[in-house]
Amino acid sequence: MQKMEKYMVLSKKKLGVLVERFLKEFQVYGPTEKNGIIAFEKISDWSELRLDVAGVPLLPPKKIFFPPEEVLFTFKIRNNNDVEIGDPLDKIKEEKRVLIGIRPCDVHGLTLLDKVFISEIVDPYYVTRRKNTIIICITCNNPTEYCFCNFTKSGPSIKEGFDLLLTDIGQFFLVEIGSEKGKDIINSNSDLFQEATENDLIKRDQKIREVEEKLSRNQLTGANELYQKLIRVFNDELWNEYGRKCVACGKCNFACPTCHCFDVYDVMELTLKEGKRVRKWDACHFLSFTRVAGGEIFRKERISRVKQRIYDKYCYPVDEFGSIFCVGCGRCIHVCTAGIDIREILKKVLGM
Amino acid sequence: MKNVYIPDIVTISEIREETPDIKTFKLIFKDKEVQRNFNYKPGQFIELSVFGYGEAPFSISSSPNQQNFFEITVKRVGDVTNALFKLNEGNAVGVRGPFGNGFPTHKFEDKNILFIGGGIGLAPLRSLINFVLSNREKYGELTLMYGARTPKDIVFKKEIETWKKHVDVHLTVDVGDETWKGTVGVVTVLFKEIEVDPKNTVAVMCGPPIMMHFVTKELLKLGFPEDQIFLSLERLMKCGIGICGHCNIGRKYVCKHGPVFTYKETKDFLETAI
Ligand SMILES: Cc1cc2nc3c(=O)[nH]c(=O)nc-3n(C[C@H](O)[C@H](O)[C@H](O)COP(=O)(O)OP(=O)(O)OC[C@H]3O[C@@H](n4cnc5c(N)ncnc54)[C@H](O)[C@@H]3O)c2cc1C
Ligand code: SF4
Ligand code: SF4
Ligand code: FES
């Protein structure tokens, strides 16, 4: 018998009311569709939300916490002997946001990014946005042929990492509470929610089984052996093919919910007295990624960069953070210019 | 909570020309409190901002015994370093840090130390050598092998002379000139001039990857255990704090886990370190 007080139901119509209420108080982000492109965007009306699209938006929700380009600080050079610095955090701190309609794989992606950005050293921009954003996850209801979260164990359902979790059970969403923040939402909007019944839970489990069934067409198995096998094949010939195929466009980096590398540079105003320091997403697939002054490039061969990305998903982070850094979202497969399928690489590594 | 990306402002209090393209900058934090709390170990580095040009990592070249200032020694090679070379005493730059692990000096106690530097790689070793000399009795025999491109490119010339009292110093240049009476050739030629006991000696080196590669080979041939060879490594750095992903060599981040590693450790990186 599961503890029922954790579960509520919300009719689909009332979700609209809830979102409209959010819009009065928060910036609301969620999957939207424009010209056939699904993307996480800020919405101004609940009807813009698309909660049942196939797969995930091409750009992951990391952009809401770690924007493609962001100002780290501004500076004013008073004279050469004095510099005044402006911290953009003060403004970020005031934001209140809700992210609704994020799928379990992407919530996993965020909890992985947390390990990078919030460790002994804390990235203030990221952590501030994480703290001021309410996460309303939706159990995956529509995986695509790219998805392999059953291999990475990051979907289609989820146990933690959300404030509220919605599961589409027909007329209603089953609502699970994942945090105090989630509970507060229910309490302050109690007119919209009803207590769930045992039957609603059965419907949820059925729904999850259906999605798992769809995902089972992905045959990849053996995640536990991946780490050891990768260590063994570092110098194997299997990489040659991918070194040849990859065009080093970096799309897989930008589309990946756990890729977090960035470049840092200064931009000066025309006055040459003011400027800003900016960080911008970078890609380990780029030749310039390891180029130091004097011209030496540590990963000159494309093959070394292909390997870097794969090992930095399935090997290195196991040592550093205790888990792989792939959530099986399939975005890198979807976007790859060269048609490289990371699952095929994994199969070769696993000897399947 | 302090914003880890925002540098503290320092004043350049002195600039010394070491070679035609290397200068040492003496730096003092504007905020006295920050200066007081700025404690570092030999082998650690800072991220230096020249506002409008960017940020780059430099080893601290002064010894931690200095409390009222610290120094970096910089070779002019690109955007940030060229901009830095245009600044004057009294000008302001930014500093974040110190970062990195530094040399594990406690592991060097009671041992002989063989310092091996190439070019600007003597910068972190200067910090270490001066630190060791100020606690001279804790260590065994000290030997320095240093190689520069030409006699003009030798850094810390005057200071090296003062080290000679306590350190067995061996210098070499790739290309000599009419004034040069010493050894000519890459650093490894100096192995012929020195005598070390690999059993009780640690080797500590910093220089270009290719130099460290060949020096390490020689050290292994001489019988140095892999975990007694200490390398200060260099990779592209942007954040200095383990987030931007630029500095990793296989499974290790040079900024966070390094820059100092034993040769033994580098063998587990998967990617080749040197
Ligand atoms: C741990 C460490 C300690 C160092 N200590 C010293 C020192 O004591 N003295 C010294 O002269 N040099 C040192 N370097 C090298 C120094 O960081 C580079 O020479 C410097 O970054 C070049 O910057 P630039 O803007 O002039 O060159 P550009 O070629 O214009 O480089 C642009 C940017 O790329 C990055 N970058 C380029 N080359 C390097 C590099 N070799 N290492 C790391 N980042 C790089 C920097 O962010 C730099 O601002 C050290 C490097 C590391 C990693
Ligand atoms: S590696 Fe590919 S499948 Fe895995 S999380 Fe990144 S984009 Fe998704
Ligand atoms: S998307 Fe494909 S072609 Fe582009 S860098 Fe990634 S693996 Fe290479
Ligand atoms: S310099 Fe950014 S991770 Fe090391």
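The figures follow:
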item	result
Computed over the stretch A:1-57, Kirkwood Rh from alpha-carbon pairs, angstrom	12.9
C-alpha center-to-center spacing [the stretch A:1-74, the stretch A:119-166] in angstrom	12
Rounded to the nearest 20 debye, dipole of the protein assembly as shown from Cβ charges on Lys, Arg, Asp, Glu	540
Separation of the B:R16 and A:D236 label points, Cα + 7 Å toward Cβ, nm	5.5
Three principal axis lengths of the stretch B:8-99 [C-alpha, angstrom, descending]	31, 24, 22
Residue-span extension gain [A:I37 to A:K280] - 0.36 nm each, minus C-alpha spacing	85.1 nm
Relative pair counts by distance (%), Cα atoms of the stretch A:152-242, 5 Å bins	3, 10, 15, 15, 14, 10, 8, 7, 7, 5, 3, 2, 0
Chain B: angle of helix B:209-222 to the longest principal axis, Cα-based, in degrees nearest 10	30
Environment charge of A:H334, counting only residues whose C-beta is closer than 13 Å and scoring Lys/Arg +1, Asp/Glu -1	+1
FRET efficiency, 1/(1 + (r/R0)^6) with R0 22 Å, evaluated for A:D341 and A:N142 via beta carbons	0.60
222 nm mean residue ellipticity, helices alone, for the protein assembly as shown (DSSP H n ≥ 4; -39,500 (n - 2.57); rounded to 500)	-8000 deg cm²/dmol
Length-normalised contact order for the stretch B:8-99 - Cα pairs under 8 Å, 6+ apart - percent	38
Extension gain, A:Q219 back to A:D191 (0.36 nm per residue minus Cα-Cα distance, nm)	5.6 nm
Within straight-line cross-link reach of B:K157, lysines at Cα separation under 24 Å, skipping those fewer than 8 residues along the same chain	B:K23, B:K26, B:K41, B:K75, B:K86, B:K165, B:K181, B:K192
Separation in nanometres of the label points that stand 7 Å from Cα toward Cβ, at A:D45 and B:K30	5.1
Separation of the A:Q206 and B:E137 label points, Cα + 7 Å toward Cβ, nm	8.4
Nearest 10 degrees, 0 to 90: helix B:122-133 Cα axis against chain B principal axis	80
Estimated FRET transfer efficiency when R0 is 22 angstrom, pair A:D184-A:V17 (beta carbons, to 0.05)	0.80
Radius of gyration and Dmax over the Cα atoms of the stretch B:105-232, both given in Å	13.7, 43
Distribution of pairwise C-alpha distances over the protein assembly as shown, 20 Å bins, in %	18, 44, 29, 9, 0
The stretch B:148-199 versus the stretch A:211-246: alpha-carbon centroid distance in Å	51
Fully extended contour minus Cα-Cα distance, from B:Q66 to B:N39, at 0.36 nm per residue	8.8 nm
Signed unit charges on C-beta, dipole axis of chain A, positive-most listed residue A:A283, A:I297, A:G161	A:I297
Most mobile listed residue (B:E137, B:E218, B:E17) in chain B, GNM with C-alpha springs under 10 Å	B:E137
For the stretch B:185-274, the fraction of alpha-carbon pairs in successive 5 Å shells from zero, as %	3, 14, 24, 23, 16, 10, 7, 3, 1
At 1.306 mPa s and 10 °C, Stokes diffusion of chain B via Kirkwood alpha-carbon radius, µm² per second	83
Relative contact order computed over chain B (Cα-Cα under 8 Å; 6+ residues apart), in percent	17
Calculated P(r) of chain A - Cα pairs past 31 Å, %	40
Evaluated at q = 0.16, 0.19 Å⁻¹: base-10 log I(q)/I(0), Debye formula over Cα of the stretch A:223-350	-0.84, -1.13
Convex hull of Cα atoms in the stretch A:200-255, direction-averaged projection (nm²)	6.8
Rounded to whole Hz, the Karplus (6.51, -1.76, 1.60) HN-Hα couplings of the stretch A:87-94, x for glycine and proline	9, x, 4, 3, 6, 4, 4, 7
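Bear in mind these aren't lab numbers, they're just calculated from the coordinates by the rules spelled out. As the structure is a computational prediction, the values presented were derived from the model and not from experiment. A quick note on method: Cβ atoms are made from the backbone with ideal geometry, for glycine too, and the neighbour counts reach across all protein chains shown.
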